[in-house]
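Please read the structure below before turning to the comments.
The values are calculated or read from the model by the stated rules, or taken from the named source; none is laboratory data. Owing to the predicted nature of the structure, the values given are computational and were not obtained by experimental measurement. A quick note on method: Cβ atoms are made from the backbone with ideal geometry, for glycine too, and the neighbour counts reach across all protein chains shown. The area values use the complete protein model at the heavy-atom level, side chains included, leaving out ligands, DNA and RNA. Shrake-Rupley method; radii C 1.70, N 1.55, O 1.52, S 1.80 Å.
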Amino acid sequence: MSVGGAMEINRFMQLRAQIIERNQALARAGSALTPTTTASNPTSFVDTLDGAIKSVNEGQTQAAKLSESYERGETVDIAKVMLARQQASVGFEAALQVRNKILSAYKDVISMPV
């Protein structure tokens, strides 16, 4: 095997690891947006969407409270503040992507000929 081939394989493996890591992060963000439901009590799309938006809002509110506490000098760990802010950011980005997909699907349905 040549040196160039080994470099390509290493680069490919690094890209693969990054893709897997991002997929896991998106899966965690998606599971945070999805409220738990039981099989005997199905929820409507509106209820699911409302729960997801409330979950994102709660995450952002918690991050804001932790940031304010840290800024006031209360004993709040900076790592906890940064983690809460990142979780709120990922949740918001996931909700934004869901909104974009819903709007795209709506536009597709509206533009269909009857």
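Tell me, yes or no, whether segment 102-110 has at least one residue that is assigned to a helix (DSSP H, G or I), under 24 Å from ALA25 (Cα atoms), open to solvent by 90 Å² or more (accessible area, probe 1.4 Å) and of a type in the set (S, T, N, Q). Within segment 102-110 (the criterion being assigned to a helix (DSSP H, G or I), under 24 Å from ALA25 (Cα atoms), open to solvent by 90 Å² or more (accessible area, probe 1.4 Å) and of a type in the set (S, T, N, Q)), the answer is no, since none of the residues qualifies.
Can you say whether SER67 is surrounded by 16 or more Cβ atoms within 10 Å (Cβ to Cβ), at pLDDT 90 or above and farther than 16 Å from ALA25 by Cα, as far as the supplied structure shows? Yes: the conditions hold for SER67.
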